[in-house]
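**Q** Handing you this structure, nothing more for now.
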Amino acid sequence: MAQLKFVNVNKVYPNGYHAVHDFNMEIKDGEFICLVGDSGCGKSTTLRMIAGLEDITAGEFYIDGKLANQMSSRERGIAMVFQSYALYPHLTVAENLGFGLTLEGIDMDVIDKRVAATAEILGLTPYLDRFPRNLSGGQCQRVAVGRALIRKVSIFLMDEPLSNLDAKQRVTMRSEIKQIHRTVGATTIYVTHDQTEAMTMSDRIVVMKSGGYVQQIGTPYELYFNPENLFVAGFIGEPPMNFLRGKVESGYFVNDAVEFNIKDIVDDAASIEGREVVFAFRPEAIRLPKDGKPAADEFLVISKVDLTELLGDTTNVYANVGSVNVILKVNPHDAPKMGDEFDFVVPHKAAYIFDAETEKVVPSSIKRN
Ligand code: ADP
């Protein structure tokens with residue numbers, strides 16, 4: 001097992017492109033960390049610096065307290081699973097699993113034992129004599145994970161390992177990888193652009209933004225309920241959080257459609273007086289007003305319905321609040337119809353204010369659960 005520490009780690013590629021800015025983090029033994037963000041935000045670059053496949057331009061990277069910037073990949077005790085599983089087509093599952101160990105000159109009987117044990121963890125025992133062409137995509141991916149697992153390293157790196165699988169296989173493999181992590185306990189860094197993968201698998205998530213800037217590091221719960229800025233608020237959650245832009249006037253959030261007294265939901269309303277802000281709430285956080293009226297700790301919103309989508313357990317309602325499009329999740333039995341006026345409330349504890357200029361959340365001690 002291994003602890004990792006990054007101190008102001010930066011990557012500038014030879015062409016001058018600054019792909020990662022001041023990455024700072026401590027990762028505990030056995031943690032499962034996801035790096036998430038849009039394509040090109042520096043996730044793979046960060047992973048490749050951990051693996052020793054890319055130089056670290058500036059800053060320090062430690063493994064178990066030892067400076068690792070100059071360590072070879074082998075010294076780091078790392079195994080990596082890539083997006084393309086690249087199995088050897090002419091080798092069986094057993095031979096694919098054992099191939100790396102064969103190269104290392106390990107005794108055949110030791111290899112056989114490790115292959116059997118790894119296949120057992122991954123549920124591949126019945127397929128050991130098969131060739132990759134006779135496996136499903138999910139089974140191939142399991143072999144690829146197995147090739148990394150069999151090396152018994154303390155750090156496991158995965159770069160979008162599920163992106164070649166269909167949606168159903170991805171869901172299955174997600175829980176299998178979690179299960180393997182629980183069994184093996186290796187410190188795992190997992191790169192994905194898929195926020196659902198990150199939310200469901202991680203102990204903690206690192207959200208990155210294009211240009212290689214870390215936006216927030218936290219548990220899935222922290223990121224979902226306490227996003228520190230507009231980027232994280234909009235990135236985590238599907239459908240995404242709703243944003244109403246407006247201004248603070250005399251302690252009220254005001255735009256073309258609403259006027260909310262926000263003194264109770266921010267710690268210091270005076271500090272944002274006169275500022276452009278964003279009032280935000282999640283699609284599922286809305287409620288129907290009791291007797292048509294908001295309670296003292298609710299904001300009433302009047303919207304006009306554009307479109308509804310019945311998903312079964314819920315209905316997505318696409319509506320307008322003044323000039324802004326919002327998405328609301330509603331119990332199908334309460335769903336409005338196209339063209340209806342739809343009045344709903346946002347509980348104070350589900351409302352966020354972000355500064356429109358700095359994009360940072362305005363501090364609030366309101367409890368979010
Ligand atoms: P992600 O994994 O988040 O999609 P990457 O880490 O692969 O992003 O890339 C981050 C940025 O660095 C991208 O803009 C990419 O074009 C750039 N980049 C990646 N590799 C190189 C390289 N060898 N030379 C110059 N720029 C690179």
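Every number here is computed from the coordinates shown, using simple stated rules; none is lab data. Quantities reported herein were computed from a predicted structural model and do not represent experimental measurements. All Cβ positions, even for glycine, are placed from backbone atoms using ideal geometry, and neighbour counts span all protein chains on display.
**Q** If packing is taken as the average count of other Cβ atoms within 10 Å, what order do 290-298, 138-146 fall into, highest mean first?
**A** On the way: 290-298: 11.7, 138-146: 22.6.
Taking the mean over residues of other Cβ atoms within 10 Å, the ranking is 138-146, 290-298.
**Q** A further question on this structure: Please compute the contact order of the chain in relative form: average sequence separation of alpha-carbon pairs under 8 Å and at least six residues apart, divided by the residue count, as a percent. Let's see the in-between values first.
**A** On the way: 765 pairs, mean separation 57.8, N = 369.
16 percent.
**Q** Run the numbers for Thr102 and Arg275: contour at 0.36 nm per residue of separation, minus the present Cα-Cα distance, in nm. Each step should come with its number before you reach the end.
**A** Details: separation 173, 0.36 × 173 = 62.28 nm, distance 6.50 nm.
Fully extending the segment from Thr102 to Arg275 adds 55.8 nm.
**Q** Using just the helices of the chain, give the 222 nm mean residue ellipticity in deg cm²/dmol: DSSP H runs with n ≥ 4 each add -39,500 (n - 2.57), and the total is spread over all residues, rounded to 500.
**A** -7000 deg cm²/dmol
**Q** Between Arg130 and residues 5 or more places away or on another chain, which pairs have amide H atoms under 5 Å apart, with H built 1.01 Å from N, and which residues are they?
**A** Distant-sequence amide H within range of Arg130: Val93, Ala94.
**Q** Here's another thing I want to ask about it. Report ³J(HN,Hα) in whole Hz for each residue of region 300-317, in order, from the Karplus equation J = 6.51 cos²θ - 1.76 cosθ + 1.60 where θ = phi - 60°; Gly and Pro get x.
**A** Result, rounded to whole Hz: 8, 10, 10, 10, 10, 7, 8, 7, 10, 10, 7, 9, x, 6, 8, 10, 7, 10.
**Q** Find, among the trypsin sites (Lys or Arg not before Pro) in region 184-271, those assigned to loop by DSSP (not H, G, I, E, B) with at most 16 other beta-carbon atoms within 10 angstrom. Before the final figure, lay out the partial values.
**A** On the way: sites: Arg204, Lys209, Arg245, Lys247, Lys263; in loops: Lys263.
Answer by residue number: Lys263.
**Q** Based on the mean of other beta carbon atoms within 10 Å per residue, what is the order of 64-75, 82-93, most packed first? Display every interim value, and only then the final one.
**A** Details: 64-75: 12.6, 82-93: 15.7.
Highest to lowest by the protection proxy: 82-93, 64-75.
**Q** Please identify every one of the GluC sites (Glu not before Pro) in region 185-288 that sits in a loop by DSSP and has no more than 14 other beta carbons within 10 Å of its own beta carbon. Before the final figure, lay out each step's value.
**A** Values: sites: Glu197, Glu222, Glu228, Glu249, Glu259, Glu273, Glu276, Glu284; in loops: Glu228, Glu273.
Sites meeting the loop and neighbour criteria: Glu273.
**Q** Please say if the chain is rounded, prolate or oblate, where rounded means a/c under 1.5 for a ≥ b ≥ c the square roots of the C-alpha gyration tensor eigenvalues, and otherwise the choice is prolate for a/b larger than b/c and oblate otherwise? Could the numbers behind the result be given before it?
**A** Values: a/c = 3.01, a/b = 1.81, b/c = 1.66.
Verdict is prolate for the chain.
**Q** Sort out for me the Cα centre separation of region 289-324 from region 140-190, rounded to whole Å.
**A** About 40 Å separates the Cα centre of region 289-324 from the one of region 140-190.
**Q** From Cα pairs below 8 angstrom and at least 6 apart in sequence, can you work out the relative contact order of region 200-309, rounded to a whole percent? Mind showing how you got there, number by number?
**A** On the way: 125 pairs, mean separation 18.7, N = 110.
RCO, region 200-309: 17 percent.
**Q** Please report the net charge: other residues with Cβ closer than 12 Å to the Cβ of Val277, K and R +1, D and E -1. Walk me through the intermediate numbers first.
**A** Details: positive: Arg245, Lys247, Arg275, Lys360; negative: Glu249, Glu273, Glu276, Asp355, Glu357, Glu359.
Taking every Cβ under 12 Å from that of Val277, the sum is -2.
**Q** Let me ask another. Order of Val301, Val254 from fewest to most other C-beta atoms within 10 Å? Before the final figure, lay out each step's value.
**A** Numbers: Val301 25, Val254 16.
Listed from fewest to most nearby Cβ atoms, that is Val254, Val301.
**Q** Mind checking the angle between helix 93-103 and the chain's longest principal axis? C-alpha axes, 0 to 90 degrees, to the nearest 10.
**A** 70 degrees
**Q** Using the alpha-carbon atoms, what tilt in degrees (0 to 90, nearest 10) does helix 167-184 show relative to the longest principal axis of the chain?
**A** Result, in degrees: 60.
**Q** Rounding to the nearest 10 and keeping the result within 0 to 90°, find how far the Cα-based axis of helix 108-122 lies from the longest principal axis of the chain.
**A** For 108-122 against the chain, the angle is about 20 degrees.
**Q** Once the other residues with Cβ under 14 Å from the Cβ of Asp306 are scored (Lys, Arg +1; Asp, Glu -1), what is the net sum?
**A** Numbers: positive: Lys304, Lys337; negative: Glu309, Asp340, Glu341.
That works out to -1.
**Q** What order do you get for 356-364, 46-54 when each peptide is scored by the mean count of other beta carbon atoms within 10 Å, highest first? Display every interim value, and only then the final one.
**A** Working: 356-364: 15.1, 46-54: 20.4.
Highest mean packing first, the order is 46-54, 356-364.
**Q** Counting only residues 5 or more places away or on other chains, whose amide H sits under 5 Å from the amide H of Asp343 once H atoms are built in the peptide plane?
**A** Close amide H contacts, sequence-distant or interchain: Ser303.
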